[in-house]
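Trainee: Structure below; questions to follow.
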Amino acid sequence: MKFLETELIDSLSQVSKLATESGALETAPTLIQPINEQGIPFQVRVLNGFRKKKKGYSISKNPFLPYEKSLYVKHLNSGHVILLNKYNLVPNHFLIVTPVFESQESLLTLNEFTALADIHSQLDLLSFYNSGRQAGASQPHRHLQALPLDKLPIDGIMASIPSYQPEQLLQLPFKHLACKLDLKSDDAGYLFSLYQQMLSTLSLITSGQENPAPYNLLMTRQWMLVVPRSEGRPDGVAINALGYAGFMLAKNQQQFNHIKTAGILNLLTKASR
């Protein structure tokens with residue numbers, strides 16, 4: 001993984017340094033173990049010690065209202081707040097949070113894609129969204145996430161997307177739609193329209209349905225990927241959007257051994273609809 005240097009990265013790094021020194025940022029120690037499946041160089045982070053992150057939704061206490069000032073990075077023009085991920089595994093993992101409560105299970109709006117277009121214009125990164133608990137969300141307050149990375153395990157496959165029309169890639173066994181992007185010319189309105197089209201094609205939204213079915217959204221400057229979800233923890237293995245980018249998490253060595261035996265692509269397929 002290479003972390004790119006930009007003005008935003010500088011701000012993230014500065015806030016991260018201060019938050020680490022104050023104890024506000026709680027980085028879990030991990031050991032990266034590679035697993036290659038069908039040409040995809042998956043990375044599995046194995047926790048090396050106890051992780052303090054709370055499990056599941058917390059309705060009684062919203063960590064974003066108010067947010068911890070020590071984790072604050074900046075406001076975007078869309079009104080969204082950029083915060084460091086308190087329980088991070090890698091440096092500069094940040095959240096894009098709505099300033100007032102909006103549900104993590106409801107449809108994203110044009111404003112979210114305005115925020116995404118903004119941050120993607122500033123640096124090359126992976127942004128992602130876990131829509132609901134079955135998609136790996138840990139909080140009910142809407143928040144997208146981003147990692148400033150210029151290399152992902154699934155890059156080789158995503159580079160083969162043939163067109164700017166959503167389609168399923170033969171190399172990926174789980175249900176999904178992928179679409180090529182060019183964020184030097186694509187604007188927020190186009191991204192929002194594409195997102196709606198992909199959810200509709202995957203039957204994640206239907207007329208009369210208040211919220212979409214669970215899904216993961218992943219996006220870089222080069223592509224957008226939507227994966228329907230049916231299960232958050234297949235075989236007890238927690239999977240969120242990062243799993244579909246090629247990054248998995250094992251809570252201990254025993255779980256890593258199970259992931260390796262069961263097969264990552266099998267688990268990802270089991271977790272999708």
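The values are calculated or read from the model by the stated rules, or taken from the named source; none is laboratory data. Note that the structure is predicted; figures quoted are calculated from it, not measured. Every residue, glycine among them, receives a Cβ derived from its backbone with ideal geometry; neighbour counts consider all protein chains shown. Surface areas here come from the heavy atoms of the whole protein model, side chains and all, with no ligands, DNA or RNA. Shrake-Rupley method; radii C 1.70, N 1.55, O 1.52, S 1.80 Å.
Trainee: For the stretch 105-135, how many residues meet the condition of being open to solvent by 10 Å² or more (accessible area, probe 1.4 Å) and more than 20 Å from E210 (Cα to Cα)? Full working, then the answer.
Mentor: Filtering the stretch 105-135 down to residues open to solvent by 10 Å² or more (accessible area, probe 1.4 Å) leaves 105-107, 109-111, 114, 117-118, 121-122, 124, 133-134.
Those left that are additionally more than 20 Å from E210 (Cα to Cα): 114, 117-118, 121-122, 124.
Qualifying residue count for the region: 6.
Trainee: Let me ask you something else. Find all pairs meeting these conditions: Cβ atoms under 8 angstrom apart; at least six residues apart or on different chains; first residue within the stretch 220-238 and under 29 Å from Q254 (Cβ atoms); second residue of a type in the set (F, W, Y).
Mentor: Final answer for the pair search is V227/F174; V227/Y215; V227/Y244; R229/Y215.
Trainee: Being exposed (fewer than 14 other Cβ atoms within 10 Å of the Cβ) and either in contact with a Lys or Arg (Cβ under 6 Å, 6 or more places away or on another chain) or not small (G, A, S) (or both), is that true of even one residue in the stretch 209-223? Show your work before the answer.
Mentor: Pass one, the stretch 209-223, residues exposed (fewer than 14 other Cβ atoms within 10 Å of the Cβ): 209-210.
Keeping just the survivors that are either in contact with a Lys or Arg (Cβ under 6 Å, 6 or more places away or on another chain) or not small (G, A, S) (or both) gives 209-210.
Within the stretch 209-223 (the criterion being exposed (fewer than 14 other Cβ atoms within 10 Å of the Cβ) and either in contact with a Lys or Arg (Cβ under 6 Å, 6 or more places away or on another chain) or not small (G, A, S) (or both)), the answer is yes, since at least one residue qualifies.
Trainee: Here is a follow-up. Quick one: how many residues across the stretch 160-192 are over 26 Å from F42 (Cα atoms), surrounded by fewer than 12 Cβ atoms within 10 Å (Cβ to Cβ) and of a type in the set (G, A, S)?
Mentor: Number satisfying all stated conditions: 1.
Trainee: Counting only residues that are in contact with a Pro (Cβ under 9 Å, 6 or more places away or on another chain) and open to solvent by 60 Å² or more (accessible area, probe 1.4 Å), which one in the stretch 14-50 is nearest to N85 (Cα to Cα)? Even if it seems obvious, please write down each step before you answer.
Mentor: The initial filter retains those residues of the stretch 14-50 that are in contact with a Pro (Cβ under 9 Å, 6 or more places away or on another chain), namely 16, 27, 34-35, 38, 40-44, 47-49.
Checking the rest, the ones that are also open to solvent by 60 Å² or more (accessible area, probe 1.4 Å) come to 27, 34, 38, 41, 48.
Values: T27: 9, P34: 24, Q38: 32, P41: 25, N48: 19 Å.
Result: T27.
Trainee: How about the stretch 44-62: which of its residues are under 17 Å from G136 (Cβ atoms) and modelled with pLDDT of 85 or more? Let's see the steps before the verdict.
Mentor: Restricting attention to the stretch 44-62, the residues satisfying the condition of being under 17 Å from G136 (Cβ atoms) are 44-45, 47, 51, 53-58.
Selection gives V44, R45, L47.
Trainee: Same structure, new question: Determine which single condition V237 fails, assuming it passes every other condition in (1) modelled with pLDDT of 95 or more; (2) within 25 Å of H120 (Cα to Cα).
Mentor: Tallying (1) modelled with pLDDT of 95 or more; (2) within 25 Å of H120 (Cα to Cα), V237 fails exactly one: (2).
Trainee: Select, from K270, K260, K251, the only residue that is open to solvent by 50 Å² or more (accessible area, probe 1.4 Å), touching a Leu at 6+ places or on another chain (Cβ under 8 Å) and either of a type outside the set (G, A, S) or at pLDDT 95 or above (or both). Quick ask: steps written out before the conclusion?
Mentor: Details: K270 fails: touching a Leu at 6+ places or on another chain (Cβ under 8 Å); K260 fails: touching a Leu at 6+ places or on another chain (Cβ under 8 Å).
Sole residue among the options that is open to solvent by 50 Å² or more (accessible area, probe 1.4 Å), touching a Leu at 6+ places or on another chain (Cβ under 8 Å) and either of a type outside the set (G, A, S) or at pLDDT 95 or above (or both): K251.
Trainee: Got at least one residue in the stretch 208-225 being closer than 30 Å to N62 by Cβ, in contact with a Ser or Thr (Cβ under 8 Å, 6 or more places away or on another chain) and acidic (D, E)? Give the steps one after another, and end with the answer.
Mentor: Step one: list which residues in the stretch 208-225 are closer than 30 Å to N62 by Cβ, which gives 208-220, 224-225.
Restricting the remaining residues to those that are in contact with a Ser or Thr (Cβ under 8 Å, 6 or more places away or on another chain) gives 210-220.
From what's left, acidic (D, E): 210.
For the stretch 208-225, residues closer than 30 Å to N62 by Cβ, in contact with a Ser or Thr (Cβ under 8 Å, 6 or more places away or on another chain) and acidic (D, E): present.
Trainee: A follow-up question, please. Given the criterion assigned to a loop (DSSP other than H, G, I, E, B) and touching a residue at least 60 places away in the same chain (Cβ under 8 Å), identify the matching residue among I259, I161, I157.
Mentor: Details: I259 fails: assigned to a loop (DSSP other than H, G, I, E, B); I157 fails: assigned to a loop (DSSP other than H, G, I, E, B).
Exactly one residue qualifies, and that residue is I161.
Trainee: So, in the stretch 134-158, exactly how many residues are within 24 Å of N266 (Cα to Cα) and at pLDDT 95 or above?
Mentor: Residues of the stretch 134-158 that are within 24 Å of N266 (Cα to Cα), as a first pass: 134-138, 151-158.
Of the ones still in play, those that are also at pLDDT 95 or above are 134-137, 152-158.
Qualifying residue count, the stretch 134-158: 11.
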